[in-house]
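Heads up, the thing below is written out as structure tokens.
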Amino acid sequence: MLELLAAVAVTLAPAQVISRLSAPEADQGVAVDAGSIYAVDNSRIARYDRKTGAKLAEFLGDPRQFPHMNSCAVIGRELICADSNYPATPMLSQVEVFDPASLAHLRTISLGHQPGSLTWVDRRDGSWWAGFANYDGRGGEPGRDHRLTALVRFDDRWRAQASWTFPEAVLARMAPRSASGGTFGADGRLYVTGHDRPELYVLDVPPTGGVLSLVATIPIAVDGQAIAFDRAAPGVLFGISRAKREVVAMQLPPVEGK
């Protein structure tokens with residue numbers, strides 16, 4: 001089975017950089033909507049104007065309450081952020097909800113102990129989808145490692161409905177860390193990044209759970225971390241450069257099928 005997956009998956013042409021925005025908060029991830037870019041750094045979020053680059057709003061949270069916001073996504077009229085107690089164990093996760101304009105904190109949805117540390121959340125087909133990281137070292141639980149990295153689908157009451165593991169071809173590239181960013185593309189596929197490699201993994205999601213299927217790998221101009229699609233511009237993906245504290249917009253090559 002692994003040989004078949006390796007034969008089908010391909011490495012596509014590198015993503016092309018469109019723009020860069022300097023953002024001191026660009027340490028964990030990024031979210032975007034029609035007018036704004038949101039840079040995420042653990043307990044703080046900053047909103048920037050997409051045209052001028054001016055900072056429009058900022059959230060500075062108590063690190064004890066917001067220890068590790070890894071990523072955010074503008075979903076509907078809210079900014080939905082994945083938060084966890086990383087690197088503490090046992091791993092506890094929560095979803096933080098903000099007003100996208102003011103960045104006022106609206107509510108916390110506690111998920112408690114899950115099959116990993118929550119790193120990203122998305123919405124698709126009437127369900128919540130979440131990525132849970134597992135680590136070989138710091139932040140990992142005894143008896144668990146990166147191979148238990150998981151995708152979980154939840155209903156509107158945050159009850160788990162199905163789960164998927166990652167293919168060995170992807171896990172080997174993410175080791176000893178895990179999946180840091182994830183979001184669904186317009187093609188219905190799942191796009192995932194690791195912690196520190198400049199690669200984007202394109203995956204098909206079997207309908208009833210099981211193992212995700214690697215379709216393609218795309219070289220990107222950022223070293224992993226959380227990502228976001230520009231929903232108004234097909235194939236435009238945003239990521240961050242931790243080293244340069246920049247938000248980077250990239251045009252992805254087309255992925256065949258669907």
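The values are calculated or read from the model by the stated rules, or taken from the named source; none is laboratory data. As the structure is a prediction and not an experimental result, all values here were calculated from the model. Neighbour counts run over all protein chains shown; Cβ positions are idealised from the backbone, glycine included.
Would a scan of the range 176-192 turn up a residue that is farther than 16 Å from VAL30 by Cα, in contact with a strand residue (DSSP E or B) (Cβ under 6 Å, 6 or more places away or on another chain) and buried (at least 22 other Cβ atoms within 10 Å of the Cβ)?
Within the range 176-192 (the criterion being farther than 16 Å from VAL30 by Cα, in contact with a strand residue (DSSP E or B) (Cβ under 6 Å, 6 or more places away or on another chain) and buried (at least 22 other Cβ atoms within 10 Å of the Cβ)), the answer is yes, since at least one residue qualifies.
Could you check the range 38-73 and list, in sequence order, the residues that are touching a Ser or Thr at 6+ places or on another chain (Cβ under 8 Å) and either among the hydroxyl-bearing types (Ser, Thr, Tyr) or under 21 Å from GLY194 (Cα atoms) (or both)?
Of everything in the range 38-73, those that are touching a Ser or Thr at 6+ places or on another chain (Cβ under 8 Å) and either among the hydroxyl-bearing types (Ser, Thr, Tyr) or under 21 Å from GLY194 (Cα atoms) (or both) turn out to be VAL40, TYR48, PRO67, HIS68, MET69, ASN70, SER71, ALA73.
What pairs come up if the first residue lies in the range 182-199 and is assigned to a strand (DSSP E or B), the second is surrounded by fewer than 17 Cβ atoms within 10 Å (Cβ to Cβ) and of a type in the set (S, T, N, Q), and their beta carbons are under 6 Å apart, counting only those six or more places apart or on different chains?
Within 6 Å, no pair qualifies.
Kindly indicate the residue of the range 90-134 that is touching a Gly at 6+ places or on another chain (Cβ under 7 Å) and outside any strand (DSSP E or B) and also nearest to VAL205 (Cα to Cα) among those meeting that condition.
The extreme case among them is ASN134.
Contact list please: Cβ distance under 6 Å, first residue in the range 235-258 and within 16 Å of GLU199 (Cβ to Cβ), second residue of a type in the set (Ser, Thr, Tyr), pairs at least six apart or on different chains.
Taking only residues 6 or more apart or on different chains, the pairs are VAL248/SER241.
Could you tell me whether any residue of the range 189-198 is out of contact with any His (no Cβ under 6 Å at 6 or more places or on another chain) and of a type in the set (Lys, Arg)?
So the first thing to find is which residues in the range 189-198 are out of contact with any His (no Cβ under 6 Å at 6 or more places or on another chain), and the list is 189-198.
Right, trim to of a type in the set (Lys, Arg) and you get 189, 197.
Yes, the range 189-198 contains at least one residue that is out of contact with any His (no Cβ under 6 Å at 6 or more places or on another chain) and of a type in the set (Lys, Arg).
Would you confirm whether any residue within the range 231-246 is surrounded by 20 or more Cβ atoms within 10 Å (Cβ to Cβ), assigned to a loop (DSSP other than H, G, I, E, B) and modelled with pLDDT under 95?
For the range 231-246, residues surrounded by 20 or more Cβ atoms within 10 Å (Cβ to Cβ), assigned to a loop (DSSP other than H, G, I, E, B) and modelled with pLDDT under 95: absent.
Please determine whether any residue of the range 15-36 is without any contact (Cβ under 8 Å) to a residue 60 or more places away in the chain and in a strand (DSSP E or B).
no
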